[in-house]
Every structure is written in structure tokens, then in C-alpha cells.
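Okay, so here's the structure we're looking at.
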Amino acid sequence: MAPIREAPRAGSFAALPDGGFAAALVVCAALAIAAAPWALNAAWLGFVFKPLATLVVIAYAWRRAGGRGDVRRAVLAGLVLSLGGDVALLWPQQGFLPGLVSFLLAHLAYLWAFTRERTLAAWRTPFVVYAGVAGLVLALLWPGVPGALRLPVLAYVLCLASMAAQAAVLWRAGLPRSGVLAVGGALFLLSDSLLATNRFAVALPAERLWVLASYWSAQWCIASWLPPASAATAEGPPVSSRP
């Protein structure tokens, strides 16, 4: 009898079902959002559960080890950099620029991962669309952006829009799980647009709810793009599909 191949495991997280990670994320996210003044007005909840929510997504991504190692490492790097940005933004004033840089690097890590599967801008339409959306958002917010932050904000928006557009390129190519990835890219752009509007233009009602809910949904979608460990057995060894 031929030996049965077992799917590769990714540490002690392998036994936990996806639903367990999803439930943990929802709980942590709800408690982090509840730190807002309009909810429980308990800042300590944000300091504890905001990083913890992103750590849940990192753990979820860590055990999804069925695809290319370089792609998985780049996505994990993006999530860890996002965690750094989350921690920095716990101090909204002092930590804004460090947080911006952390998230910019996270988007570059995601973009690098996505371009392992398809060449950058292999389908130009989403780049045109996202460029238009980013330009509109910048035009609306630009008067409220301080001079010292204008160049970093411009660089950040360029990286964010490129990441979201490249995610749509993978969806257009019909790659596995790329639909959820494209949704993640769009949600990331939505989350950051709401955050920037609240900071540079006009205060939004329940801003923390909309920004964080869309943010962690985006990260979950990006992590879900990674193939589960079982895919290594079901689909065979990963191969590059770049044109």
C-alpha cells in the first residue's frame, strides 16, 4: 500500500479551524472598537485588543502554508509591518508618521507577493480605476494635509492604490482565491480613505467602527488568499504562473 501523504503543518495553529480564528478576530475587533469614547470609553481596550486582533490574522495566515514559500513570507511580513503600524497609531499624534511608514512598507510587501503571480499592471484597467479613486480622495483631503506630511501621504496613497490594483489583476487572471484578495484590496483603500477623511477633513460619526471593521476585513481577505496547508497535497507543488 502506498504511503499517505500528509499536508504540511505550520506550527501549533494547524489544528484550529478557520472559524476559530474568525471568531477570535471578531471578539478582539469588537473590544478594540468598543474602546471609543462613544462606546465604552476605555482606552486600555484599544491598547490590548487592537494589536491582538492583528496577531490573530497573523496566526491565521501563518498556518496557511500550502503555496509558495516566498509569497507566504511576503504576506506575513506585510501583516507584521501592519502590526507595527497598529501599535504606532495607538498614539495618533506622535505615532502617525511611523505608522504611515509601517503600513507603506506593508503594502510594498503585499505588492511584491502579488507580483510573484502576475506581472505588475498586467491588466491596466484596475490601475486606471484606482488611480482615479486615489486622485479624487487626495484632491478632497489635500487642503487639510499638513505640508510636512504631504510627501509621505502621497507616497503612501501610491503604494496603497497599486497594491489594491494588483490584487484586482490577480482576480482578472482567475487565480485561486483571488476574488477575496481583490475585495481585501478594495476594503483596505476604503478603510484608509475613511481614516484620512476623519483626520484631515471632517470628523465622521462612529469613525473607529467603520475604519477598523473594514481594516481587519481587508487583512483577513489578504490572509485568506494564501492557500491552506491542504492545498499542497490537493493541488501539487506550487508553480509560478507569471506570464
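The values are calculated or read from the model by the stated rules, or taken from the named source; none is laboratory data. In this text the structure is predicted, and so the values were computed from the model without any measurement. Note that we place each Cβ from the backbone using ideal geometry, even for glycine, and neighbour counts take in every protein chain shown. When the accessible area is computed, the model is the full protein with side chains, heavy atoms only, and any ligands, DNA or RNA have been set aside. Shrake-Rupley method; radii C 1.70, N 1.55, O 1.52, S 1.80 Å.
Give me the pairs: first residue in segment 22-33 and under 16 Å from Arg63 (Cα atoms) and touching a residue at least 12 places away in the same chain (Cβ under 8 Å), second residue in a helix (DSSP H, G or I) and open to solvent by 30 Å² or more (accessible area, probe 1.4 Å), beta-carbon distance under 9 Å, and six or more apart or on different chains, which are they?
Matching pairs, first to second residue: Ala22/Trp220; Ala24/Leu52; Leu25/Trp220.
I'd like the residue in segment 131-174 that is more than 17 Å from Ser193 (Cα to Cα) and not hydrophobic (A, V, I, L, M, F, W, C) and, out of all such residues, is surrounded by the fewest Cβ atoms within 10 Å (Cβ to Cβ).
Applying the filter and picking the extreme gives Gly147.
Against the condition aliphatic (A, V, I, L, M), modelled with pLDDT of 90 or more, open to solvent by 40 Å² or more (accessible area, probe 1.4 Å) and at negative phi, how does Leu40 come out, does it pass?
Yes: the conditions hold for Leu40.
With the structure loaded, tell me whether Val128 is among the β-branched types (Val, Ile, Thr), open to solvent by 60 Å² or more (accessible area, probe 1.4 Å), more than 26 Å from Trp62 (Cβ to Cβ) and part of a helix (DSSP H, G or I) or whether it fails that test.
Taking the combined requirement at face value, the residue satisfies it.
Of all residues in segment 164-223, how many are part of a loop (DSSP other than H, G, I, E, B) and within 21 Å of Phe47 (Cβ to Cβ)?
Qualifying residue count, segment 164-223: 1.
I'd like the full set of residues that are modelled with pLDDT of 95 or more and buried (at least 17 other Cβ atoms within 10 Å of the Cβ), limited to segment 1-37.
Answer for segment 1-37, where residues must be modelled with pLDDT of 95 or more and buried (at least 17 other Cβ atoms within 10 Å of the Cβ): Phe21, Ala24, Leu25, Cys28, Ala29, Leu31, Ala32, Ile33, Ala34, Ala35, Ala36.
Any idea which of Leu104, Leu100, Leu120, Leu108 is out of contact with any His (no Cβ under 7 Å at 6 or more places or on another chain) and either free of Cβ contacts under 8 Å to residues at least 40 places away in the same chain or surrounded by fewer than 17 Cβ atoms within 10 Å (Cβ to Cβ) (or both)?
When all the criteria are applied, what remains is Leu120.
Residues to consider are Ala77, Ala65; find the one that is within 15 Å of the chain's Cα centre (by Cα) and either in a loop (DSSP other than H, G, I, E, B) or surrounded by fewer than 19 Cβ atoms within 10 Å (Cβ to Cβ) (or both).
Ala77
With the condition kept exactly as written, say whether any residue in segment 48-62 is buried (at least 17 other Cβ atoms within 10 Å of the Cβ), at pLDDT 95 or above, closer than 29 Å to Glu117 by Cβ and among the charged types (D, E, K, R).
The answer is no; no qualifying residue exists.
Against the definition (part of a loop (DSSP other than H, G, I, E, B) and farther than 27 Å from Pro176 by Cα), how does Pro143 come out, yes or no?
In short, no.
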